[in-house]
């Protein structure tokens with residue numbers, strides 16, 4: 001059975017070969033940035049610069065090749081002035097794309113979730129095995145997790161012209177949670193009863209500094225920085241509902257994750 005993601009892939013317009021090649025490079029660099037951003041400050045700056053330049057190059061090639069519509073997927077909270085390299089890189093990437101391709105559409109998703117993701121799947125797995133669950137800070141950071149399939153469908157509808165000339169969207173889930181509320185909602189759904197314990201962000205940064213040397217970097221300073229900022233959609237920015245998409249509820253997402261965990 002085809003998923004929304006499969007349908008979205010089929011509906012995305014074909015682009016000239018050189019633009020597609022550039023897009024492949026951006027995808028590769030985005031993954032590489034996650035590794036480089038956990039290294040030295042110099043490496044952080046270098047990786048962030050590579051990401052911004054690659055995004056701008058794809059936008060420029062798209063414009064020069066006559067592509068009519070370009071979508072740049074960034075993230076809620078992207079900020080070129082942020083002290084966190086990854087957040088700043090996303091912000092600078094947005095600016096670079098808009099300068100190279102005037103009229104490009106920005107799509108900023110909230111934290112994306114789905115089977116085998118790095119966020120909700122991790123929460124479910126840890127809640128199943130930990131009697132004590134540590135949360136970031138006091139657990140008061142606000143989140144609005146969104147299903148990756150809903151994001152894919154939203155992108156497909158924007159590409160098909162459903163949104164008209166809207167310059168940017170913020171795709172987020174059906175409800176805003178504090179991190180504490182999200183953990184307890186997931187725990188209730190899977191039948192777990194952990195003791196939730198707050199840990200200061202300073203301690204999380206220390207733990208992340210050590211964890212970054214482990215294979216797969218289970219925790220990075222970049223993730224800690226992201227958890228210090230609310231990640232919710234702005235009321236002033238069009239979202240999934242403007243494209244007639246009803247965001248999937250977190251309980252449904254947890255069930256999907258449990259089926260694959």
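What follows is calculated from the coordinates using simple rules that are stated; it is not laboratory data. It should be emphasised that the depicted structure is a prediction, and the values quoted were computed from it without experimental measurement. Methodologically, a virtual Cβ is constructed for each residue, glycine included, from the backbone with ideal geometry; neighbour enumeration extends over all protein chains shown.
Here residue 113 passes the criteria (1) more than 15 Å from the chain's Cα centre (by Cα); (2) touching a residue at least 40 places away in the same chain (Cβ under 8 Å) except the one numbered (1).
Taken over region 208-218, the criterion of being touching a helix residue (DSSP H, G or I) at 6+ places or on another chain (Cβ under 9 Å) and surrounded by fewer than 16 Cβ atoms within 10 Å (Cβ to Cβ) is satisfied by 209, 218. Selection of region 50-72 for residues being within 30 Å of residue 141 (Cα to Cα) and crowded, with 20+ Cβ neighbours inside 10 Å yields 51, 52, 55, 72.
The one condition from (1) in contact (Cβ under 8 Å) with a residue 40 or more places away in the chain; (2) more than 30 Å from residue 191 (Cα to Cα) that residue 229 does not meet is (2). The residue that is nearest to the chain's Cα centre (by Cα), counting only those in region 51-69 that are more than 17 Å from residue 94 (Cβ to Cβ) and in a helix (DSSP H, G or I), is 61. Out of 234, 242, one residue alone is surrounded by 14 or more Cβ atoms within 10 Å (Cβ to Cβ), within 21 Å of the chain's Cα centre (by Cα) and on the phi < 0 side of the Ramachandran plot. It is 242.
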